[in-house]
Structure formats: C-alpha cells, structure tokens
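Asker: Got a structure for you, questions after.
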C-alpha cells in the first residue's frame, strides 16, 4: 500500500510517498480503507520534533521528556503521521461485533498516528464509530481530535447554559470545535482569532469575534464565566480582571507556572486556573456524531490535497495562510 513516511525529523520535505506493508487486523481489530485524513498541530510538531525544545514545547518539561522518548531522540519512532481519519471498513477480525464490511467510519488514532496511508488497523473498542450521515469523508475526518478534546475539557469545567465564554484560539482544531460545543450547551461565545480567520469563526456561530491584532479583550470591560485558552497564549494575570467573581481560566496547554497557579487559586482564590488534559473516549465520539447529525456541529474545509501532495499540505499549514481545516484525500 501507499503511505507517506518520514525517516528523519525536519521540514515538510522529509515526507516521502512510499510502498509499505499493508496491515493485517488482529481478531479484535478492523481494517479500514482510509479516504481522508487531516493536517493538524500534532502532525506538524511530531514531524519536526527534533527542533522542539522544552521552551518551545507547550507543556511542562516532564511531558516533553515523555514525548521525546515516545517520538524519538535522533530519528522518528513513529514514521507515519495522521491521527484523524475517515474511511470504509474493508476487513474485520473474527471477534469484532460492532462493525461489518463496507461500514463508513471515522475516528482518532491519537499519538499512535498512522493515517497518512491507504489502510490502517484499529481496535473495535478504539476511538471509532460510524461516520455521520450528513458529512463527507473530508468533513468527518477533521472532527475527532479537536471536538473530542474540546468536549472533554468543557465538560470538565461544567459548561452550562447562560454562561459567557471567551475562546482564545477559536479558529484552530480545538478552538473551532469549542465554539460550536459551547453554543450547543447554551453559552454566549466570543471567539478570539486573527484577521484572516474572523469570517470562519463567525460562520461557526460565535456571538462575537475579536481580532486580537486590533483589539485587546483584557481592557474592553467585558467579563466572562470562562476563558478557554487553547495554546496558552495569554496569562492568568492579564485575564484575571476579565473573569467574573467565580470565573475559570481554562488551559489546554500549560507550563509548570500554570500548574502552581492552579494549586494556589484552588486554595486562595474564587477565580480558578484549571490546567486540564483531555481523556478521549469512544462515547464522546458517538455523542459528537449525534450532534453533527442534528446540525449542531459542522466542518469547514479550507483546502484538500491528495496523498501525493502531503508535502505541499504541510507547507501550506506552516505558511500561516490556512483559514480553517486542511485535508489529505487518499
């Protein structure tokens, strides 16, 4: 089968289209013919991880060490990128009960990756479910990572109707999903993003959009029940006055400093810092599928590239030109 492989860390040019051995499903696995995958933040980081220093890494040092061990120090241990996928079941293991040949599915491989290929194997009980009937393969493939993470973290802080929520990084994979999920739960949502992505965030249903290059939300007098910073670009000190009395400053990416702030605010402040890790579950993916089929979550594709142009897809994402999701079709 064809797959995009990288055997050295580096720029997009390290990605090479090669013939590799087609996987064989175990008794509890399904073989999936991949129709589409995505280029997300994790793919970019993993591909160039040799250049990601502890300072550049958006998590504490001990997470960086574990990531180095997992992804490799001098050369990649994971040689095929791609964590999200959508496709068709082509073969099922003898113990599989939930899926049959021809089922249209979508899912998430996590750090294991491997979706930049014509075929993948995944356990029946992995993050896998039937594809939403009202989405194409391309639209479905950009949902799992961002939406599962956003759902998990928003539930962690008790998102509910009537809250005012500000999302920093509202145009990214997690942020764009967070806008839509927070709206589903009845929150009033303000998205923060760059000029080129304002229309994208508006199209997701945000009640208000702030262009961070022109407006500083910390001095506009607005206060929020929840400020959700996806990549840790802000600080609690700057955002504190923008939180309501019992407001929460939620971080999906954080450093040791923020962990100490979480401990301190848990004991001495009514305004809380919450550093949270996502724990994706199959039930969450099924729930998201149902929301999609109810019209509560949508995907917007910026550009699609065939597998043979994966290098171009990575270059496009790294150029900063992308306005929404970038897909690789197979």
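The values are calculated or read from the model by the stated rules, or taken from the named source; none is laboratory data. Just so it is clear, the structure is predicted and the values come from calculations on it, not from any experiment. Cβ atoms come from the backbone with ideal geometry, glycine included; neighbour counts cover every protein chain shown.
Asker: Answer with yes or no whether residue 145 is touching a residue at least 12 places away in the same chain (Cβ under 8 Å) and within 30 Å of residue 20 (Cβ to Cβ).
Answerer: So residue 145 fits the description; yes.
Asker: Is one or more of the residues making up region 61-70 buried (at least 16 other Cβ atoms within 10 Å of the Cβ), within 30 Å of residue 92 (Cβ to Cβ), in contact with a helix residue (DSSP H, G or I) (Cβ under 8 Å, 6 or more places away or on another chain) and touching a residue at least 24 places away in the same chain (Cβ under 8 Å)?
Answerer: no
Asker: Given (1) without any contact (Cβ under 8 Å) to a residue 24 or more places away in the chain; (2) under 17 Å from the mean Cα position of the chain (by Cα); (3) in a loop (DSSP other than H, G, I, E, B), identify the lone condition not met by residue 115.
Answerer: Failed condition: (1).
Asker: Then there is this: How about region 1-47: which of its residues are assigned to a loop (DSSP other than H, G, I, E, B), surrounded by fewer than 18 Cβ atoms within 10 Å (Cβ to Cβ) and within 23 Å of the chain's Cα centre (by Cα)?
Answerer: 10, 11
Asker: What residue, of 303, 270, is assigned by TED's automatic domain parsing to the domain that holds residue 183 and not in a helix (DSSP H, G or I)?
Answerer: Exactly one residue qualifies, and that residue is 270.
Asker: With the requirement that a residue be over 22 Å from the mean Cα position of the chain (by Cα), surrounded by 13 or more Cβ atoms within 10 Å (Cβ to Cβ) and over 16 Å from residue 190 (Cβ atoms), what does region 239-256 give you?
Answerer: 240
Asker: Do we find that residue 102 is modelled with pLDDT under 95 and surrounded by fewer than 22 Cβ atoms within 10 Å (Cβ to Cβ) in this structure?
Answerer: When the stated conditions are applied, residue 102 does not pass them.
Asker: May I pose another question? Only one of (1) out of contact with any helix residue (DSSP H, G or I) (no Cβ under 9 Å at 6 or more places or on another chain); (2) under 18 Å from residue 168 (Cα atoms); (3) not in a loop (DSSP other than H, G, I, E, B) fails for residue 253. Which number is that?
Answerer: Against the list (1) out of contact with any helix residue (DSSP H, G or I) (no Cβ under 9 Å at 6 or more places or on another chain); (2) under 18 Å from residue 168 (Cα atoms); (3) not in a loop (DSSP other than H, G, I, E, B), residue 253 comes up short only on (3).
Asker: Has region 92-101 got any residue that is within 20 Å of the chain's Cα centre (by Cα), free of Cβ contacts under 8 Å to residues at least 24 places away in the same chain and either outside any strand (DSSP E or B) or assigned by TED's automatic domain parsing to the domain that holds residue 311 (or both)? Break it down stepwise before answering.
Answerer: So in region 92-101, the residues within 20 Å of the chain's Cα centre (by Cα) come out as none.
No: zero hits.
Asker: OK, next. Quick check on region 309-318. Is at least one of its residues assigned to a loop (DSSP other than H, G, I, E, B) and surrounded by fewer than 18 Cβ atoms within 10 Å (Cβ to Cβ)?
Answerer: Taking region 309-318 first, the residues assigned to a loop (DSSP other than H, G, I, E, B) are none.
Taking every residue of region 309-318 in turn, none turns out to be assigned to a loop (DSSP other than H, G, I, E, B) and surrounded by fewer than 18 Cβ atoms within 10 Å (Cβ to Cβ).
Asker: Turning to a different aspect of this structure: Restricting attention to region 268-281, which residues are more than 18 Å from residue 237 (Cβ to Cβ) and at pLDDT 95 or above?
Answerer: Within region 268-281, no residue meets the criteria.
Asker: Related question: Look through region 134-174, keep the residues that are under 14 Å from the mean Cα position of the chain (by Cα) and not in a helix (DSSP H, G or I), and return whichever of them is nearest to residue 190 (Cα to Cα).
Answerer: If we take residues in region 134-174 being under 14 Å from the mean Cα position of the chain (by Cα) and not in a helix (DSSP H, G or I), then 170 is nearest to residue 190 (Cα to Cα).
Asker: While we're here: Do we find that residue 73 is part of a loop (DSSP other than H, G, I, E, B), in contact (Cβ under 8 Å) with a residue 40 or more places away in the chain, in the same structural domain as residue 319 (by TED's automatic domain parsing) and within 30 Å of residue 232 (Cα to Cα) in this structure?
Answerer: no
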